[in-house]
Structure formats: C-alpha cells, structure tokens
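Below: the structure, in structure tokens.
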C-alpha cells in the first residue's frame, strides 16, 4: 500500500493536482479553503485567541488573587455566583482587542528590547551566577502553567501598551478652562438659613385599628414574611465520639517508626564546591590550587568553567551520585578529583553540619498521637458503615443510629441561613448540613455526607414550617410604632411643604419660623471639602444645598432630631481671582490623568468594535466545568459580544 502511494506521488497526475491546489491557495487564500471550521476559542480578536485552557488558568489566578485580598477562601462556586467569570471574560476581550489593534498599527517591541527586558527579571536569575538562566526560566513558566511563547507574548503586549500610554500622556495637559470649572465648583462657598419642623408643629395621629394594621401587614408582606423553618434530626459521626485513650499496638508503632525514620531524622549537610574539568590532568592542577586556598569560583573561571556551589546541602542534593559520595567521604577542607557519572570534577568540602538519627523514644508521643487519630478515624468510619447498613435495610435515621451506637440530636426550627425563631444562629448546624436538609422533603432522610476532617453526618427533616406572615398579636407593638412613625412623617412633610411655600411667596425665614415657635439657624461658608464635617445639617440637606441655585427654598431631613427642616440657600460665593488661578493649576495634573484614563477606556472600546472581537460564553463556562447558559432556544450556538452582533 505504501509503495503504491509513493508511486502515485511521483506521477504526472499528482504533480498536476498539487499544482492546482497551490493555485487555489494563491487565488482564494488558505483561510478560505478551511473556512467553516468550528473554533473552540473563548475570545477571538483578529489573529489572537484565548483558549479554554488559558481562560481557566486566568480564572484560577484571578480567584487566588481575590483570596489574598479578602483574607479568606474564594471557592469557584462563590466566584461564579458573583459573576467573576463574566467580568474576567469581558476584561480579556478588551485586553486582547486592544493588543491586536496595537499590533495592527505597527506598535511592536523589537526582539532586542524583549530580550533585554526578559533578562532583567530576578525570578529567572541563577542563584550562584546571578545571571539569567534559560533552564530556570522555562522551569518557572512550567510551574505557573505558561509556555515561553505565551509569556513572551504577554511581555510584548505590556511593553507595547506602556509605550502607547507614554506617547499619549507625554505633553498632555487639559485646557485651563476644564480645571477652572472644577476649581470653582470645589472652592465656592454656600450660606444656608433653616428652621426645624418637629412633632410639636403638627397634631398627633390616632392609633391604628387592627384592620388598618392587618392591611399594613399585607402591603408590606415581603418585609414581614417569615422564612421557611425546618426541624431536623441529625446523627453525627466524629472522632470526638471515640475515646482518645485507645490502646497502642507496639508492633504497629515500631513499623511506622521504621518507615518514617529517614524522614524524621536530620541528615548530615555540607557546603561543597564542584568544578567541572576536561580531564584528570586538569583536575589535579585545579585540586592543587584549591588545596592551597584559592577561591573556587576564580579557579573555575580560569579553566573555562563555573563552580557549582552546594551550600549546606545533604548528599542527595548533589546531582552526580559519585561526586556526592566522594564529597561526603572527605574531611572539612578536603579536596578530591572524581570521575563522576556526568564527567570529571574536582570537589572541595567547606562547612560540615553533623546529622542526627532520631530514636523511637524521641518521636514516640507524636507517633502515638498519629496512631490514635488513625484508629479513631477507622472506628468512626466503621460506625458510619454500621449505620449505613441498618439504614439501607429499612431502619429510620434514629433506629439506624441507635443500632450503630451513634447519638442523634434535634435542631431547629432553623432557617436555610441557620437562624432560629429569635433571629440568632442555631448552635450545631453547618452550611453543608443546611444545604442538604433544605434539599429534602419533609419526613425524608439524607445519605451519609462527608463533613471533612474525618467527620460525617446524616440528617432527617422532621417538620417543615412554611413561609408565613406572623400573627398580628405577636408583632402588633412593633407595627403600631412603625405606623405612627409613618403617619407622623407624612404630617411633618405636609407642614414643612406648607411653611416652605410661604417663604417662597416672600415671607422671611424668621417670620415663618416664629409662627411655629422655632428660630432660624444659619450655616455660612459651606464648601464641598468641609461639608462632610458639618454636624448641623443632614446629608439630605447638604446634598440639596449644593445642587440648587441661590435663593431656592427646600425641605430636608433634620440632622439633629426627628423631623424636617425648611431651608433657604441664601448665598453662593465664588473664589477670588488669585486663589482660583492657583487652584486651577494645582488641579491640572489630576484632571489630565482622569482624561487619560477615559481616553484609554475609549481606545479599548474602539479596538473591540473595530476588530469585531468575538466572545464565546459557553466555551468559557465549559472551561470551568459549567453547563452552557440558557441560549433561549438557539441550541448550542455560543453567545457573542455586542461587537460580534454588529458585524
């Protein structure tokens, strides 16, 4: 068969066929020949792609970074619930689109610049020579799931974007008019006069009837509805059930000690310098120089080699076993020429730290604790299996627990969030236990669940108390307070609006305030910097004071007592010429940087639209082991970004 293929390949017909294929590639393009294949890329931006594997790596890195920021574990489930996958996908689409655009306009770092930048990264330096080590470089990339082309492409992107940013920001200064407007807004001061409208200004509302309160409960059912509660019976299998004074099998202890002896002992370590040499003759000359006290590194360089330094290392750390055996047979200061498995070398021994072989009695307490822990875990497992067998045989949770000798406890009523009827956490429940219990129907049992740390549990739902409004009698005092507060607020607002209308018609603040037994208070010199420290006006009043023109009258919450205020913006004062000029110049760098950030964001959006960046949401979810999103009847067709839909 192979001979037939070879004969055909040499024929005139094959030559003609290959020639036609070459012409078709030239006329229609190679891409057209293969057009229609399905891409599994998560992001496609021009010729650039993000594969599912790369997306998974970036997601894991993103998630671990968040864990360090918040100081607690962030599981994949939590990350997905908070839409971190979607946010990362958008960021990668913007990033790849912008990088592709920079490449399209010809902004590409030279190879020499790339090499110079790469060799400046300390993580890739050899610890002995202090220089860039390509082997270490590839090793570090592998540990972080990167290939050299991927890492170097990322470096090229970073360098290109930095050059682009430098070119944009150098010499950029916003017009003085921009910052002058900002300075005027920041430095202008405002004067406010106001008086209080408190509960003494209005008639007290009547107490509500039961019918009014019942209707009030219905109108606010979402806030008043009690969550579902469940009463649970739980059987736990924990090492704490088992006696901590379990007997120790001396033979098993000795067996474990013999197995662990080498790892528990401290090996002898030495500082050794190894110099590779061409032959035994050169080795003897090097050995003589080392014996006379010359520096190993300088001696190595003189013969065209580099000294390999093992600082305080055990014998197993020396790569060549024969060299290691020789080095650990010499006294301190000893020198030897060794014919190793990897070539001829000269070794000299520096400091020697004696090892220590551990005895059984030294580690007996720790090993006994391990054995007891293992025995307890096995006993707990055996109890859980006895329970499982009884339960599978038709026994209820309580009956199976009794047969296995495991205690049961009753918990609840408890909500899905672990709170009791009093709103406080119910002791003894765990999130995993609640998740299992609230997935069961009333009167059913769960299977045995692994709770981690050698513990297990099973749960039975004894009773389900559905969502319901509380009885009126139970919450009536609280409802009356809320009702009265609401009615009083309505009356205060109506009164404040009436008084504000009088001021708007021309009456003075003093006259209107006096009509309700209040006095006018004035706050002057308010600006946007000192407003936060003001204790006289509420945030509601301050917000309105800085968003209205001079002379406007408004009502707002009282910042010092329950009630409202009627206020008038009595003055707006612009900053003086010299002060404004100084502030205008001081603000220009910050406003310039704000403009730069907006231009950068616009450039990314333009790149994404211009290059029609495609985003495959389903491939991204599949890379994380998730089901595709609901595509509303579109089958397996992947979602695309808006830029793709606009094509």
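The long axis of helix 250-264 is offset from the longest Cα principal axis of the chain by roughly 80 degrees. Once the C-beta distance of residue 66 and residue 511 is scaled by a Förster radius of 41 Å, the resulting FRET efficiency is 0.10 to the nearest 0.05.
For region 269-346 and region 52-77, what is the separation of their C-alpha centers, rounded to whole Å? Result: 46 Å between the Cα centres. Mean sequence separation of contacting Cα pairs (under 8 Å, at least six apart), scaled by the length of the chain, corresponds to a relative contact order of 23 percent. Mean residue ellipticity, 222 nm, helices only, the chain: the sum of -39500 (n - 2.57) across DSSP H runs of n ≥ 4, divided by residue count and rounded to 500, is -15500 deg cm²/dmol. Over all Cα atoms in region 208-275, the spread is summed up by Rg and Dmax: 33.8, 99 Å.
Determine the percent antiparallel among the DSSP beta bridges restricted to the chain, to the nearest 5. Here the share of antiparallel DSSP bridges comes out near 100 percent. Evaluated over the Cα positions of region 366-461, the convex hull gives a direction-averaged projected area, one quarter of its surface, of 7.1 nm². Compared with the dominant Cα axis of the chain, that is its longest principal axis, helix 148-169 is turned about 40°. Separation of region 85-134 and region 455-529, taken as the distance between their Cα centroids, equals 58 angstrom. Helix 210-219 and the long axis of the chain differ in direction by around 40°, with both axes built from C-alpha atoms. Principal axis analysis of the Cα atoms in region 239-305 yields extents of 70, 23, 20 Å, listed in decreasing size. One chain, two ends: residue 473 and residue 381. Fully extended at 0.36 nm per residue, the span grows by 28.1 nm beyond their Cα-Cα distance. Region 469-542 gives an Rg/Rh value of 1.16, both radii derived from C-alpha positions and Rh following Kirkwood.
The Cα atoms of region 52-124 give a gyration tensor whose axes a ≥ b ≥ c have a/c of 1.5 or more with a/b no greater than b/c, which makes the shape oblate. Inter-part distance, region 365-422 to region 204-230, computed on C-alpha centroids, equals 43 Å.
I need the shape label for region 266-356. Rule: rounded when a/c is under 1.5, else prolate if a/b > b/c, else oblate, with a, b, c from the alpha carbon gyration tensor. Because a/c hits 1.5 or more and a/b exceeds b/c, region 266-356 counts as prolate. Judged by the mean number of other Cβ atoms found within 10 Å, the most tightly packed of the peptides 46-59, 564-577 leads the ranking 564-577, 46-59. State log₁₀ I(q)/I(0) for the chain at q = 0.06, 0.08, 0.10 Å⁻¹ as given by the Debye formula over alpha-carbon point scatterers of equal weight, solvent excluded. Cα-only, vacuum Debye calculation for the chain: -0.81, -1.21, -1.27. For a Förster distance of 30 Å, can you work out the FRET efficiency between the beta-carbons of residue 601 and residue 110, rounded to the nearest 0.05? The formula returns an efficiency of 0.60 here. Size descriptors for region 283-411: radius of gyration and Dmax over Cα atoms are 30.4, 86 Å. Taking the average, over residues, of other Cβ atoms within 10 Å as the packing measure, peptides 346-353, 590-597 rank 346-353, 590-597 from highest down. The length gained by stretching the chain between residue 47 and residue 325 to full extension, at 0.36 nm per residue less their Cα-Cα distance, is 94.6 nm.
None of the figures in this text is laboratory data; all of them are computed from the coordinates on show. Please read all numbers here as calculations on a predicted model, not as lab measurements. Cβ sites come from the backbone with ideal geometry, for glycine too, and all protein chains shown count toward neighbours.
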